[in-house]
Structures are given as structure tokens and as C-alpha cells.
1. Filter region 230-257 down to residues that are touching a helix residue (DSSP H, G or I) at 6+ places or on another chain (Cβ under 6 Å) and buried (at least 16 other Cβ atoms within 10 Å of the Cβ) and give me whichever is nearest to Phe208 (Cα to Cα).
2. Tally the residues that are small (Gly, Ala, Ser) and part of a loop (DSSP other than H, G, I, E, B), restricting the search to region 86-110.
3. Which of the residues spanning region 111-132 are within 18 Å of Tyr98 (Cβ to Cβ) and without any contact (Cβ under 8 Å) to a residue 60 or more places away in the chain?
4. What do you reckon, is Glu247 assigned to a helix (DSSP H, G or I), at pLDDT 95 or above and among the acidic types (Asp, Glu)?
5. Filter region 116-146 for residues that are part of a strand (DSSP E or B) and modelled with pLDDT under 90; which is farthest from the chain's Cα centre (by Cα)?
6. Looking at (1) farther than 30 Å from Asp255 by Cβ; (2) at pLDDT below 90; (3) not in a loop (DSSP other than H, G, I, E, B), which one does Asp83 not meet, given that it meets all the others?
7. Working only within region 267-279, note down all residues that are hydrophobic (A, V, I, L, M, F, W, C), without any contact (Cβ under 8 Å) to a residue 60 or more places away in the chain and either buried (at least 16 other Cβ atoms within 10 Å of the Cβ) or part of a loop (DSSP other than H, G, I, E, B) (or both).
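The values are calculated or read from the model by the stated rules, or taken from the named source; none is laboratory data. No experiment lies behind these values; they were computed from the predicted model shown. Every residue, glycine among them, receives a Cβ derived from its backbone with ideal geometry; neighbour counts consider all protein chains shown.
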Amino acid sequence: MSRNFLLASTGAIMLGAGLLTVSGCTSSKTEEPTSKVSASDHDMLHGPTMHGGTLVSLGRDSYHVEAIVTASGELQLYTLGDDETRVLDIEIQEMTAYVKRTGESNSSPVPLEPKPQPGDAEGKSSLFVAQLPDAVVGQGVDVTVPKIMIASNRFRLAFSTTTQDHNESLMPAKVADSEEQKLYLTAGGIYTQADIEANGNMTVSEKFKGFKAKHDMHPKPGDKICPVTMTKANPACSWIVGGKTYEFCCPPCVDEFVGWAKNEETVKDILPPEEYVKE
């Protein structure tokens, strides 16, 4: 039996030092969200939901996840259908969230446990929860879930609790300077030495110094879209990866994408540039 919900507007709420933008359906058995989680990677952010989060779409709008972080640091991930309003119970599975303070390089794994909700089928769950490490509760953090299996399809979810101005809060956090040098000037995965040279042997901060992003959250069919946020791409913000030119909405998204290109877990999810077009 399907479960549909009407969406209601909500505002962003501060949690400690960060703004959290996630979306999720809380139940009476779970702690109320105190903030929203901002998502990154190839997951597009949608408008607010009735439970205080921002929807993250997976696989070009095929499925959605609503993420919530409570005041006590509990991470809640709700799985939703393709129409953004239908709860979707998925197979109970092993999932791990990798958590780190924003700007740091070392992450800590935390297991996501299934927490079946009323109406979920046997062996399935529409909610997965994890407890964030005490050291990062109430702080700006980056969270990555490298594998979520839905209908035999594999997806990746990432978001940050970093506060930025306006729609910048919906974008990936900027990597630290020391990490940026390593990210851009060291080859790995499909990001080659030839790419480094083609990009001018420089970091994205050096190439786009003073760049002012203007995010268009509503691309039209046929528009090129950012591979990270699925917002409208800006041809002035491009980067060569794997010998191909990709267009992004802002420099932090280039950080995220190059990281995917160098990671064996996420590189297989990267599509050719021509595939990143609004349908």
C-alpha cells in the first residue's frame, strides 16, 4: 500500500555551528530534527518538506533521500520514491556513513542501522539511523554514504552541515587549502597527470579566484547541469577530468567531482559530460 504525504514549507534551523539541510519523515519514535542538511554529490537538492529537511534526489530524480540530524547527533535517512512524496521501503542492508569535520581529511565510519517504520514490508525499511561521533555533534561536518542499494541500483549520498550565504548552503563545502593542493595536483583514478597539465597545473581556487557563483536551481530541459548538484551549469566554471571537459555551478562542486574521479568507490558513477543535461 502506498503512503503519500502533502509537503509543507519549512525554514532553515541552526544547529551548533552549522546549518543542516537534509530531508526526512520523522515518526513519533524518532527525535525531532533541529536542522536541515545540505546535500552534495550527484544528488540534487529540492525544496523543503513537511518534516524539516531538503530532499536529495538520486540517479537523476529516480529516487530521493531525506536526511535529518538531531540535536543529539542522530543521523536519520528516509528513503522516498520518484515523486518525492511517497515513502519507499528498501531492502534492509549494511550501510556505512563516513563522517568528518568540514575541512579535515580523516573520516570516521559509523554504521547505519535499519529502523523499520509502520507499513514497511518484512525485510525492508524506509528509515536508517546512525549516531554521529561525539566530537562532531553540533559542528560543521561532511557526511558520505558511498553505497545505498535501491531496486538493485547503487547510489551515493553526500552532504555537509556547513553554513554559507543564500543558496551557497546547498553546495558542497570548500576543501581546506592543504587538502586542495593534494586533490588537484596529484593524479589518481581517472584524474590523470594530463588532466592536471590541461587545467594549468593549478587548483580550482587559483583558477577561479574571485569567481562569483549565481546558482540557478531550476534548469530548463536541454540545459547543461552540474554533475554534483544538478543545478544549471556555468560554462565559465569548467574542469577537465579524464580528458573531458565538465561544467559546474561553482568551484566547491569541482572539488567534490575531482574527489569522486579519484575514488574507486565513486568513479564508476561518473557519466560522460554530455549526459549531464536536464531532461
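1. Pro251
2. 3
3. Those that are within 18 Å of Tyr98 (Cβ to Cβ) and without any contact (Cβ under 8 Å) to a residue 60 or more places away in the chain: Pro111, Leu112, Glu113, Phe128, Ala130, Gln131.
4. Judged against the criteria, Glu247 is not a match.
5. Only one residue tops the list, namely Val141.
6. Answer for Asp83: the failing condition is (3).
7. Correct list: Leu271 only.
Listed here are the residues, each with its yes/no results for (1) at pLDDT 95 or above; (2) farther than 17 Å from Ser57 by Cα; (3) in a helix (DSSP H, G or I); (4) in contact with a strand residue (DSSP E or B) (Cβ under 9 Å, 6 or more places away or on another chain).
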site: Thr229; (1), (2), (3), (4): no, no, no, yes
site: Ile240; (1), (2), (3), (4): yes, yes, no, yes
site: Cys253; (1), (2), (3), (4): no, no, yes, yes
site: Glu265; (1), (2), (3), (4): no, yes, no, yes
